Structure formats: C-alpha cells, structure tokens
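Enquirer: This is the structure I have questions about; it appears just below.
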Amino acid sequence: MTQETIERLTLENFTAFKKLDLQFSPGVNLFIGANGTGKTHILKVLYTSLVGAKEDESYFENLIHVFLPRDGRLGRLVRRREKDTNAEIKIYRPAKYISISIPSHLNNHEGSGTSKGWHKNIPFPVYIPTNEILSNAPEILCRFETRKLEIEKIYPDIITRAYLPEIRSKIDPTRKKLLQMIQKTINGKVIKKNECFFLKNKEGELEFTLLAEGMRKLALLWLLIQNGSLGENSVLFWDEPEANLNPKLMETVVTIILELQRNGVQIFLATHNYVLLKTFHLLKEKNDQLKYFSLYRDEKTQDIHCNDTTDYTNLAPNPVIEAYVDLYGHEIESVLQ
C-alpha cells in the first residue's frame, strides 16, 4: 500500500491565521514558534480531518469536539479580526483533498464543504497531547462516553488507541527493536488490568499513578507500537514531546521517531525545546525526511507567518535558540561582574 501522507494545508481566517499555506514532508514535520502562534492548532486541524473520516463522523462535529468553541458554535473558530467572513480549510493528500468553509455567523454544527476521494485509504491518526492521560484512563473514558464534558476529544481518543489489543501478526524486527529500547528505558513492560495500566518488571506491577510522567509517555509509545497504532500508513501528532521528560531521554525519543518515519509513519511535532531540535539535527541520517517550520508574528500587523526549511541551521526566526543565546549571555555577564 502506498503511504497516504498529508501533503499540504491551507488556512484562511481560521483561528489566529489570516492566511497560511504549508507543504509537508512525508517524514517528520517539526513546528516551533512563540506561544500563541498556532502550532497546536495546526496539529489539531490536521488530526481532525483524519479521525473524523476514519470513524465516519462529521468533520464539523469533530472540529467542535477537538477545539471546544463556546456553546459548540463553529463560527467562533473564524479569525476574530475579520467580521462577516468565512474560515477556509483545505487539506491535501495524493490525488485527494477536503475543503471546508465556516461562516463567522454560524451558530450550529454544520458548515459547508467538498472533497475528492478523502475517505479512501485514510491513514490511522494518533494524537499524543502535552499532558499524560493514561493514569486516569478508566474514569476519563467512562465519563466522556456517558456525560457531556468540556474535554478535548484528543484525550479519550488516545486512551482508546492505548486500549487496543496487540495485533496478531508477528512482530517485525523494527517494532521489536523499538519495543526493547523502550522496555530497557522504563525497566519493564506495560500491561492492562481492569482497564488500568501497570508497569510490570522483576519487582512486580507498578500502577501508572506511581510512575514519573516522563516514564508514562514512553510507556504510551510502547503500547502504540505494540498494538500497531504506530505502524505503516499511520500519522502521529505529538504536542510537546519534551514535556516532563528528562533531557537524557531525548535521544531515545528522537531515535524512536526517526525509526518510525523510516517505516512509513508521517509525524507532526510541536516543540519549544532546544535539546529535542538539536538531537534531531544530530541523529538524522542522509535519507531521513525532516522539515522544520517556524511560526512568527509580524511586528506591525500581528499576522502569523511561517518559514520552512529542511536544514535546521537555516531555520529563522528560531525563538528556541534565541532564548538559549540570551540565557548564555546573561550567564557570561554574571560571571564578569
């Protein structure tokens, strides 16, 4: 099967964006930018286009459940500085596209849209949010299914992905290698009992609530690789992989991500972390496909723009490295005083 990657996204008057046109890598796509420049919104709007089609749900309903506009009003996703206009979303895959229009005055759950072949060969979407969620999985999933909760749909979605049983097919060498790498790092395997997750090792079974959050993130990766959620023709969206993760573990995470993209997983990451970015730069191999996106605001208009490059050293503006340079400058000044 040909890898069904997301090739392009265009946004007009959607949330913080006036106009945006992004061409993606079929491998790893890394987004940086100051807070409020829309990194997470890009991940969410792409994820919504896949999860809705995969589960045969309305794209508009999923936009509401993922973005949570007040009172479920889709019109609130239209850029606030524009009045009486439409938000336009267009997403492209090979020979396929989906186009969505949302009027600013819309108060119900349906905008208008067209598509070409979008529902064919939909890749399997996985969204890992910034906050770890598996330690409270049973309670969250139960309440989401039976109560009207103001919780982003990405949380019950990732719990559902984690609950999937192991696939029947024999574990291929790549998956086996990655699983062993994670097991060595977290010192055990992940098991499920009565919908709760435990880390099992020689000392016994340790419930997730007693694990460090960084270990839980790696344990989640183990589950997703083991049950095939992160396999060929999957798309991984990961918001701030570095959150609550010891810098010493960055190399493990980057190694896993690079290996996944070598085996047919398209990946979208949003990050603020210098160590993570630099580790990608140092560990990438010749045939790895990485693309960096820098989102920034125009100082005069406050409109959000984006620069992209396949060479990390050419990425500009780079607020991540700028922050480290400023910090180093302050340290030098303090030493010289």
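Enquirer: If I ignore ligands, DNA and RNA and count only protein heavy atoms, how much of R80 is accessible to a 1.4 Å probe, in Å² to the nearest 10?
Expert: Approximately 150 Å² for this residue.
Enquirer: Counting only residues 5 or more places away or on other chains, whose amide H sits under 5 Å from the amide H of F197 once H atoms are built in the peptide plane?
Expert: F208
Enquirer: Check A87: other-chain or 5+ apart residues with amide H under 5 Å from its amide H, H built from backbone geometry?
Expert: For A87, the qualifying residues are I102, S104.
Enquirer: With every protein chain present, what accessible area does E240 have (1.4 Å probe, heavy atoms only), rounded to the nearest 10 Å²?
Expert: Ignoring ligands and nucleic acids, E240 comes out at about 50 Å².
Enquirer: Looking at the calculated P(r) for region 91-230, what percent of the C-alpha pair distances fall above 18 Å? Let's see the in-between values first.
Expert: Working: 6421 of 9730 pairs.
Summing the P(r) tail past 18 Å for region 91-230 gives 66 percent.
Enquirer: Let me ask something else. Give me the accessible area of I321, 1.4 Å probe, in Å² rounded to the nearest 10.
Expert: 60
Enquirer: How large is the translational diffusion coefficient of the chain in µm² per second when you combine the Kirkwood radius over alpha carbon pairs with Stokes-Einstein at 37 °C and 0.692 mPa s?
Expert: Details: Rh = 21.1 Å.
Reported coefficient: 155 µm²/s.
Enquirer: Output needed: percent of Cα pairs per 10 Å distance bin for region 209-337, bins running from 0 to the one holding the longest distance.
Expert: Going out from 0 Å in 10 Å bins, region 209-337 shows 10, 35, 33, 17, 4, 1 percent.
Enquirer: May I pose another question? Please report the antiparallel percentage of DSSP beta bridges with both residues in the chain, rounded to the nearest 5.
Expert: Approximately 65 percent, going by the DSSP bridge assignments.
Enquirer: Sticking with this one: Mind scanning K116/K170; K120/K189; K90/K189; K44/K300; K96/K176 and naming the pairs with a C-alpha gap bigger than 32 Å?
Expert: Those over the limit are K116/K170; K120/K189; K90/K189; K96/K176.
Enquirer: While we're here: Suppose a student asked you for the relative contact order of region 212-273, using Cα pairs under 8 Å spaced at least 6 residues apart; what percent would you report?
Expert: 46
Enquirer: In terms of Cα to Cα distance under 13 Å, which aspartates and glutamates are near enough to K193, apart from those fewer than 8 places away along the same chain?
Expert: E205, E207
Enquirer: Let me see the P(r) profile for region 150-286: every Cα-Cα distance counted, bins of 5 Å, each bin given as a percent of all pairs.
Expert: 2, 9, 19, 23, 23, 15, 7, 2, 0, 0
Enquirer: If the chain between I151 and N263 were fully stretched, how many nm would it gain, using 0.36 nm times the residue separation less the Cα-Cα distance?
Expert: Between I151 and N263, full extension yields an extra 37.1 nm.
Enquirer: Hey, if we sort D311, D303, D71 by accessible area with the 1.4 Å probe, largest down, what's the order?
Expert: So, going from the largest accessible area down, we get D71, D311, D303.
Enquirer: Can you spot the lysines whose alpha carbon is less than 23 Å from K278's alpha carbon? Ignore those fewer than 8 places along the same chain.
Expert: Correct list for K278: K39, K217, K248, K286, K291.
Enquirer: In a shell of Cβ-Cβ distance under 13 Å around Y92, excluding Y92 itself, what net charge do Lys and Arg (+1) and Asp and Glu (-1) give?
Expert: That works out to +2.
Enquirer: From Cα pairs below 8 angstrom and at least 6 apart in sequence, can you work out the relative contact order of the chain, rounded to a whole percent?
Expert: Values: 598 pairs, mean separation 76.8, N = 337.
The normalised contact order for the chain reaches 23 percent.
Enquirer: With charges only on Cβ, +1 for K and R and -1 for D and E, what is the dipole size of the chain about its Cα centre, in debye, rounded to 20? Can you show the working numbers first?
Expert: Working: 44 positive and 43 negative charges, 159 e Å.
Dipole magnitude for the chain comes out near 760 debye.
Enquirer: Oh, and also: Once phi is turned into ³J(HN,Hα) by the Karplus curve 6.51 cos²θ - 1.76 cosθ + 1.60 with θ = phi - 60°, what whole-Hz value does each residue of region 297-312 show in order, with x for glycine and proline?
Expert: After applying 6.51 cos²θ - 1.76 cosθ + 1.60, I find 9, 5, 4, 8, 8, 6, 6, 8, 10, 9, 10, 9, 7, 9, 10, 4 Hz.
Enquirer: Taking the alpha-carbon centroid of each part, what is the distance from region 172-199 to region 83-105 in angstrom?
Expert: Between the Cα centres of region 172-199 and region 83-105 lies a distance of 40 Å.
Enquirer: Calculated from DSSP H runs of 4 or more alone, at -39500 (n - 2.57) each and per residue, what is the 222 nm mean residue ellipticity of the chain, nearest 500?
Expert: Working: 9 runs with 114 residues, N = 337.
So the helix-based figure for the chain works out to -10500 deg cm²/dmol.
The values are calculated or read from the model by the stated rules, or taken from the named source; none is laboratory data. The shown structure was predicted, so the numbers you read here are calculated from the model rather than taken from an experiment. Neighbour counts run over all protein chains shown; Cβ positions are idealised from the backbone, glycine included. Each accessible area value is taken on the protein alone, full model and side chains, heavy atoms only, with ligands, DNA and RNA left out. Shrake-Rupley method; radii C 1.70, N 1.55, O 1.52, S 1.80 Å.
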